[in-house]
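Structure, as structure tokens:
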Amino acid sequence: RFGTEMVGEDIVEVDFSKRPFAIKSDQREVRAKAVIIATGAVARRMGVPNEEKMWNNGMSACAVCDGALPFFKNQPLMVIGGGDTAVEEASYLTKFGSVVYLVHRRDELRASKIMQKRAFDNKKLEIIWDTVFEDAIGENFVTGARVQNVKSKEVKDISVSGIFYAIGHTPNTQMFEHQLDLDATGYIKVKAGTQETSVEGVFAAGDVHDHKYRQAVTAAGTGCAAALEAERWLAEQNV
């Protein structure tokens, strides 16, 4: 409608050091006066044997996205992790599951004190200490989880209908290293209250800069904001 060209190619390199900016795929190089980066972030996985088979069949990395699905309702669920995100997602899942097991490899949580109190006070949340997740059990859908105690080495199977990873995300920003300011975990830094990056004319939207909410609706909102800011910036440049 607006003359936009959709190209299904992977970007392999960018150059924001000169204008117009250069964006290279394995097939072409294009030049742009403004760029919006929306490369997202990928949930970290553990690589257990049945992970690929069970992914989206009872395994997920987003409790907020998937926890309310009907097949998790009144079922035992499991969250892997020990930080704020893990505790928050486990607490959220107690609204739907019959019980939520929080599996953590250490004997204390890394979460903040207030989040820990929330976990300890929740009667539907059971913490399994000193334990690592070994694999998902099931044929076509998760029916259990295999875990191992790191101290006793005891292996046991726990009946659950859902397994949720809460071990962090990795932003897709490798190609922007040394081009844009990134935070310690690799997310693109944007100026407060804007979608502007450290390079004028380059904007970021979605999970590539947002490590807090990571929701489709918030990503869409920042995408809209980035588009408006890019349009205004181009107008200011008399483009």
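Assorted remarks:
- For E200 and M46, the difference between the fully extended length at 0.36 nm per residue and the C-alpha to C-alpha distance is 51.7 nm.
- DSSP-defined beta bridges in the stretch 45-165 - what % are antiparallel, rounded to 5: 40 percent
- The residues H211, H169, when put in order of fewest to most other Cβ atoms within 10 Å, stand as H211, H169.
- Normalised by the number of residues in the stretch 45-165, the mean separation of alpha-carbon contacts (under 8 Å, six or more apart) gives a relative contact order of 31 percent.
- Rounded to 10°, Cα long-axis angle of helix 216-236 versus longest principal axis of the chain: 10 degrees
- Folded to 0 to 90 degrees: helix 84-93 orientation relative to the chain principal axis, Cα: 60 degrees
- You can think of it this way: the chain between K18 and S98 has 23.1 nm of extra reach, that is 0.36 nm per residue less the Cα-Cα gap.
- A cut-off of 5 Å between modelled amide H atoms, ignoring neighbours fewer than 5 places along the same chain, links M78 with Y101, G162, I163, F164.
- When peptides 21-30, 93-102 are sorted by average Cβ neighbour count within 10 Å, with the highest value leading, the order is 93-102, 21-30.
- Which label in (i) 40; (ii) 36; (iii) 46 gives the computed percent of Cα pairs over 27 Å apart: (iii)
- Debye, to nearest 20: dipole size of the stretch 16-159, +1 on Lys, Arg Cβ, -1 on Asp, Glu Cβ: 800 debye
- With R₀ set to 30 Å, the beta-carbon distance separating T4 from H211 gives a calculated FRET efficiency near 0.55.
- Net length gained if the chain between L228 and N74 were fully extended (0.36 nm per residue, minus Cα distance): 51.1 nm
- Antiparallel %, DSSP beta bridges [both residues in the stretch 81-239], to 5: 75 percent
- Which of V35, A63, P76, positive extreme of dipole for the chain (C-beta unit charges): P76
- Close Lys pairs in the stretch 45-165 (alpha-carbon distance under 28 Å; sequence gap of 8 or more, or different chains): 25.
Each value in this text was obtained by applying a stated rule to the coordinates, not by laboratory testing. Quick caveat: nothing in here was measured; it's all calculated off a predicted structure. With ideal geometry, Cβ positions are generated from the backbone for all residues, glycine too; neighbour counts draw on all protein chains shown.
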